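Structure, as structure tokens:
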Amino acid sequence: LTEVRAAQAAYDEGIALAAQGGDPLPSFERALASDPDFAAAHFQVARLELFHGYERSVTPPVAAREHLRKALANEARLPPPLRALAHALEPMWLRDHRDTELALRRFDEAAREFPDDELIARTRVFVVASRSPRDHLDELEEPADYRAVDCGRRWHRAVERATVAPPRGAIDPRRRRR
């Protein structure tokens, strides 16, 4: 992915930390410090900051958008699944007006091309849920799969409510006084 050994080592460390549930962001930032043109590290930083930024704001963080731009500027250096994922995210996060429908079409193309790529599948779930969890829940493969997506507490709560909330007008037993 890069010819700079220190950058590659830091990137690999970040991937391993992410797989173990740790915080990979410092590792990816170290990779970028060693190789400022490391497209895959830019993509990973953008992905982490975009998803976690949505906990605090509806607008993607400016720095995260810049990392995604840099990843796409060096897209020839991205592995094909990450390149497809970056192109799928572009209509949502780099345009003045979000085009979620185009993003979902690109996700579908990426999923067909890389059917076993878990990151593409998990990110698509986030995009579907970000549109309006209750209205588009039927588009998810299985609502329970959404719990595996690490994209912020706000969306998780919204999907949880859409999944288990009683119909309108019904008494919600979770709110019963004791």
So what's the convex hull volume per residue for the Cα atoms of segment 1-40, in Å³?
-> 49 Å³
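Take the alpha carbon atoms of segment 25-117, find their radius of gyration, then divide it by 2.2 N^0.38 Å using N residues; give the quotient. List each step's numbers first, then the result.
Values: Rg = 12.9 Å, N = 93, 2.2 N^0.38 = 12.3 Å.
Scaled against compact globular proteins, the figure is 1.05.
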Give, in nm to one decimal, the length gained when the segment between residue 63 and residue 19 is fully stretched (0.36 nm per residue of separation minus the Cα-Cα distance).
-> 13.4 nm
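FYI, it's all coordinate maths here, none of it is from the lab. It should be emphasised that the depicted structure is a prediction, and the values quoted were computed from it without experimental measurement.
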